[in-house]
Every structure is written in C-alpha cells, then in structure tokens.
1. Over the residues of region 531-659, compute the C-alpha Rg and express it relative to 2.2 N^0.38 Å.
2. If you take every residue apart from T607 with its C-beta less than 14 Å away from the C-beta of T607, what net charge results, scoring Lys and Arg +1 and Asp and Glu -1?
3. Just tell me which aspartates and glutamates come within less than 17 Å, Cα to Cα, of K472; anything on the same chain fewer than 8 places away is out.
4. Per DSSP H run of at least 4 residues, take -39500 (n - 2.57); add these up for the chain, divide by its residues and hand me the 222 nm value, nearest 500 deg cm²/dmol.
5. Within a Cβ distance under 10 Å of E246, other residues only, what is the Lys/Arg minus Asp/Glu net charge?
6. Which shape class applies to region 215-340: rounded if a/c is under 1.5, otherwise prolate when a/b exceeds b/c and oblate if not, where a ≥ b ≥ c are the square roots of the Cα gyration tensor eigenvalues?
7. Using a 1.4 angstrom probe on the protein heavy atoms only, line up T364, T607 by accessible area, largest first.
8. Compactness ratio of region 105-204: Cα Rg over 2.2 N^0.38 Å, N = residue count?
Amino acid sequence: MLAQSMKAIALLLALVMPTSAATLLPQWKVADSNLASYFATRTAELSKNCLGEATSAEDWKQRAPVLRTQLAEMLGLSPLPARGDLKATVTGRLDHDEFTVEKLHFQSRPQLYVTANIYIPKRLTGPAPTVLYVCGHSPVITNGVSYGTKAAYQHHGIWFARNGYICMIVDTLESGEILGQHHGTHNQNMWWWNSRGYTPAGVETWNGMRALDYLSTRPEVDTNRFAVTGRSGGGAQSWHITAMDERIKCAAPVAGITDLENHVVDGAVEGHCDCMYFVNTHRWDFPQLAALAAPRPLLFCNTDVDSIFPLDGVVRTHAKIRDVYEAIGVKENLGLVITPGPHKDTQELQVPVMRWFNQHLRKTNTLIENAAVKLFAPQALKVFSELPSDSINSNIHFSFVEAAKLPVPATKAEWIAQKNAALKTLSEKSFGAWRGSNALLERQGTDHAGRIVYSVRTGQGAPHSLLVDLPKNPKALTLIVGLSPSANTQRSRRLLSDSAVVRLDFPRLRTNDAPADVKKEIQLRRRFMLLGETIDSHRVGDMVQVIAALRSAKEFSKLPLRIEAEGDMAVNALYASLFTPVDELVLTRLPNSHMNGPDYLNVLRVTEMPRALAMASERSHVELREANQSDWAEPMEIAKKFGWEKHLRINESQAAGPR
C-alpha cells in the first residue's frame with residue numbers, strides 16, 4: 001500500500017506541479033524533426049534499459065560493483081590515481097565563539113591543489129559526524145583575485161558547525177582560488193575531451209574522495225559518520241562522490257540530477273557545463289548513477305520550478321531509485337523533498353537536509369533553530385596568500401586521463417595483437433552506440449541533372465538521399481564524402497569516365513531555418529555524448545551502413561570501392577574502412593591527431609590518427625593528399641616493416657581509379 005501511495009504521489013506531482021520541461025525549456029527544443037526524432041528514440045531506449053529490476057539485497061550487492069566499475073571508467077578514474085602524499089597544509093585559522101575555521105590546501109594528485117575551509121564546533125566531546133560540502137557554480141572573484149566557491153557557500157559550513165557537525169567545504173576546480181576549466185565542450189571548442197574520455201566531473205569526484213582521505217586523519221572526525229551534500233553543481237558532485245566512495249554513509253544532493261529525457265530531449269544540457277556529466281561510454285540514464293547510493297540513506301531535494309533540473313525528470317529518477325530501495329528492503333532510507341521556488345539555495349531546502357543527517361547520523365530529531373547565515377568576508381576565508389607556481393589545475397585536462405601509449409611493435413605477432421585489441425576496444429568504447437545494420441537502398445528516380453537518386457535509411461536512424469552518376473559500364477564505385485561543391489564537381493568529372501560516383505553529404509546540425517547558430521550546434525553535439533556517441537562516430541556508423549547498402553545492390557556489388565574525403569570527413573572515412581572493406585582511400589588534409597580532428601568517445605585512450613592510418617593501410621590502398629611526410633612517419637615505418645608499404649602513398653599525383 002505504501003509503495004502504491006508513493007507512486008500516486010509521484011504521478012500527482014508530475015501532473016500538477018508547474019514544472020513541465022515542455023513549458024520551461026521551449027528555447028532548448030531541437031528544431032530539426034529528424035534529429036529530434038533520433039534523440040527521442042535513443043533516449044527512450046537508454047531509459048528503458050536503465051537499471052532493470054533489482055530483485056533482492058543480494059542481487060544488488062552483486063550488481064552495484066559492476067556499475068561502480070563502469071562509472072569509474074566514465075569519470076576517468078579507471079584505474080584510480082595513486083593515493084600519494086596529500087601534503088595537507090593549514091595556512092590559518094578563524095575563531096568564533098561557537099566554532100573554529102581552518103583554512104587549508106592539499107594535493108589530490110601531485111600539483112593538483114584543492115583549497116578548503118573546515119568548520120569545527122567547539123566543545124566537542126568526541127569524534128563528530130562530518131559533512132563534506134561540495135560547491136556549485138558561485139565564483140567569488142574581486143579585482144581578478146578568486147576567493148573560491150567556499151566563500152559563497154560558507155553559510156552551510158557555519159550552520160553545520162553550530163549544529164554539532166564538522167563541515168569541510170571544498171572549492172571547485174573551475175572557481176577555486178586557482179582557476180581551472182569546466183566548459184571544455186560547452187564553449188571552449190575542446191571536443192578532444194570526449195576523445196580523451198575526460199570530464200571535470202572526474203576531477204571533482206577525485207578531489208572529494210581525497211578530501212575524505214584527509215578528514216580520516218583528523219581525530220575530531222568520526223569516519224563512520226561521513227555525509228555529503230551540495231547544490232546544483234555541488235549536488236551533481238554529491239551524486240558522483242556517493243556513488244564512488246562507500247565511506248559516505250548518508251547523502252542529500254540538492255538540485256543536482258534529472259534524467260536523460262530532460263537533458264537530451266528537452267534540452268536541459270544547454271543549461272549545464274561539463275562538470276555535470278560523466279562520459280557516457282556505457283550509455284546510462286542517470287538513475288543508474290543515483291542507484292549506487294543504495295542501500296545508504298539518500299535524500300532527493302529539488303524545487304518545483306527549477307528550469308535546469310525540471311521536476312518531472314526528478315520525479316521519474318526518484319521513482320526508479322525507489323524501486324531499487326524497496327526491492328532490497330530499505331525503503332525507509334530514501335526520501336524526497338520538493339519545495340517551492342526556482343533554481344536557488346533556499347532555507348526550505350536546507351532544513352530537510354539537516355533533519356535527514358540528524359535522523360541517520362545522530363539518531364535524533366532535535367529542533368533546528370539557527371538559520372544558515374554568512375559571517376565572514378571572502379578575503380578572510382582565503383587559503384593562499386600567494387598561489388603556488390607549480391600548480392597544474394588550469395591544465396589538468398591534459399593529464400588527468402592518460403592517453404594510449406603506442407610503441408611500434410617489434411614483430412608481426414605483436415602488431416596483430418595490438419591491432420586486434422584496438423579494434424575490439426574501439427568497437428566497444430568509441431563506437432558502441434552503433435545499432436545493427438538494416439540499411440536498405442531504394443532507387444527513387446532521377447534528378448534534373450540526370451543523376452540517379454537513391455534513398456537509404458541506416459540503423460542509426462538517419463535518412464540519406466544519394467545522388468549517383470552511373471556510366472554504362474562502370475569499372476569502379478567511388479563514394480565522395482563531404483567535399484566542397486567545387487571539389488565535388490571537379491572530381492566527379494574526372495571520375496565519370498569509368499566510375500559510378502556516389503555523393504554522401506552530412507549536412508550541418510540544423511537548428512532552425514535561419515543561418516547556422518554555432519552555439520546551438522554545440523549543444524546539439526553535446527547531446528550525442530549523453531547518448532554514448534558523438535556526431536562523428538554517428539557519421540562513421542552511417543558511412544559503414546551506407547557502404548553495406550551499396551554493396552548489397554546488384555549494380556554495385558562487384559565493383560571495387562574507393563572513398564574520397566577531406567578534412568574531418570577524411571577521418572570518418574578512415575575509421576569506416578576499419579569496420580567494412582574498402583579498396584582505396586583518397587584522403588585530403590587528414591588531421592594528424594584527434595586533438596584537432598573529429599571526436600570519438602575515448603579514442604585517445606585506445607589509439608591515435610597515425611596508428612589508425614597504419615591499420616587502415618594494411619587492408620586498403622591509401623593515398624594522402626596535402627599531407628606532411630613527418631606527420632605520418634610512424635604508419636610508413638609500420639607499413640614498411642610488415643610488408644605493405646606499397647599500400648600507403650603521401651602527396652603523390654592523383655590516381656585514375658581503384659587498383
């Protein structure tokens with residue numbers, strides 16, 4: 001009866017509260033109908049596959065470590081970094097009648113500095129319950145000097161200390177005293193973060209875990225009564241830290257989670273920076289993150305008109321987690337608090353958090369009297385008088401997740417083992433979102449220029465119209481991908497004498513009928529990552545399936561296949577050739593690295609462009625045009641070493657057709 005009543009309440013909240021994402025976020029909707037349909041379909045698939053049914057506590061005990069391992073990988077924490085010397089240093093203290101504030105820094109990794117304040121109640125009689133407070137996006141910067149987000153959230157530390165808790169407030173990477181970066185894909189054009197499998201959420205999670213390491217050295221701290229909370233960005237990091245570190249015994253994230261439907265379909269992703277997200281390699285929906293709190297006490301907190309964490313998605317997420325808590329027999333450990341208001345730090349949200357911690361960590365329901373107030377000037381809470389010269393905070397994205405180390409193999413057997421391992425990992429970690437090929441090629445007629453028009457819809461869900469110049473007795477099939485109109489026309493004329501020429505165009509991500517909106521296109525690209533892919537891994541999948549469809553057609557089935565592409569599309573053609581037979585590749589201005597070429601999830605943890613070229617040239621003839629020899633020394637060395645150097649040409653004259 002209780003479960004039915006809770007479900008009825010959740011349904012009522014979803015129906016009557018003025019929090020429909022459709023009404024709150026209309027400007028974030030996807031204008032292109034085909035793209036909107038794709039996002040909705042894939043989101044529904046991931047939501048349907050989310051969690052499944054937990055049947056018992058023992059079942060969940062077996063499943064949770066598997067999910068935690070996947071999450072660690074998606075946060076860039078697999079393997080976990082070494083837990084080296086924290087080099088924790090207290091730089092000053094503030095004294096208040098009821099508590100002391102310590103100003104300190106530690107290094108979560110060598111030269112990765114974390115600044116924090118610890119609020120310690122006076123008159124403690126023994127080790128106290130301890131709250132890790134992780135901050136949201138509230139920078140405090142005056143005249144170019146950052147005082148850290150801990151200054152903005154000091155009232156939480158003060159309040160917890162006045163109520164008998166030790167509270168450590170940890171600065172964020174982006175808005176700490178040393179300024180880092182949360183917005184790599186959001187507005188900095190750092191798409192290689194996807195390729196590296198990097199997210200600042202991983203850094204924030206690791207910093208939180210190392211904060212617990214430090215707190216565990218303090219005699220005032222009861223290490224069996226750790227709690228975590230924070231709001232907005234701090235709410236999101238509360239989820240990640242709780243999921244990754246079982247030392248957290250009680251959690252109360254505030255306004256830090258909703259589901260994929262809100263993020264991808266409704267567009268809430270546009271209101272968030274990269275620190276909110278893991279790299280979704282395993283194609284999760286967010287209830288899988290939240291479920292990793294189970295069976296520990298967990299309180300969902302949200303306001304009813306929060307535009308970036310809409311209530312309908314919060315209620316859906318809570319409902320799925322409730323099923324887990326009920327199945328494992330700890331339904332009393334899950335709570336939901338919805339208060340009136342927008343996305344704001346309100347007392348109505350703060351009080352339930354304190355009551356939740358009191359109930360589960362202190363076994364009391366003592367009346368809470370004091371409001372959370374700020375007492376100190378930001379300058380008083382500053383840790384550093386001078387910033388350390390060896391800090392790597394601003395560039396941690398270059399080193400936090402290690403890129404693949406690819407020594408040139410000494411033997412053919414080593415080469416085969418390396419290649420097979422790379423292809424297997426790429427298929428799982430970079431292109432794992434591909435769906436089975438069911439592409440069908442249908443002849444539609446001819447266009448005004450006499451070209452044959454074919455239609456094809458791939459398993460990726462993207463419809464394509466192919467224009468084909470088909471001579472009477474073609475000797476080859478040439479697929480031209482993403483060339484400029486002038487280059488397209490020029491190459492078509494050159495090839496028409498003996499080759500069937502197929503044009504495959506990938507249009508820009510359309511946002512509306514107006515000229516291209518770069519900011520909107522960025523947000524559309526970010527949606528793909530949340531679905532476990534990228535726009536370019538999606539294009540590679542489309543290319544593989546279009547090739548399969550062409551091969552299945554009688555008029556093309558026996559013709560050798562050549563692909564011509566340039567720039568980023570040359571990279572997509574290169575990777576497509578790793579997964580489907582291609583006789584020849586002609587690639588113009590091929591980028592020499594995924595740091596400046598197309599992004600595929602985790603690809604830099606597996607391979608790099610020169611090694612991909614080496615793999616492609618073993619099975620296909622490859623000609624690089626407008627390329628620097630020095631960029632491609634490694635694939636030339638490998639090709640020569642293992643006997644296919646004639647397959648790889650750089651900056652040679654144009655070939656007549658497939659060999």
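The values are calculated or read from the model by the stated rules, or taken from the named source; none is laboratory data. The structure presented is a predicted model; accordingly, all values stated were derived computationally and were not measured. So basically every Cβ, Gly included, is an ideal-geometry build from the backbone, and we count neighbours across all protein chains shown. Calculation scope for accessible area: heavy atoms of the full protein, side chains included, ligands and nucleic acids excluded. Shrake-Rupley method; radii C 1.70, N 1.55, O 1.52, S 1.80 Å.
1. Here the answer is 1.02, to two decimals.
2. Working: positive: R196, K405, K419, K424, K429, R605, R611; negative: E402, E428, D599, E608, E618, E634.
In short, +1.
3. Those aspartates and glutamates meeting the cut-off are D498, E555.
4. So the helix-based figure for the chain works out to -10000 deg cm²/dmol.
5. Working: positive: R68, R247, K249, R296; negative: D245.
Local charge sum for E246: +3.
6. prolate
7. T364, T607
8. Taking the Cα Rg and dividing by 2.2 N^0.38 Å, one obtains 1.25.
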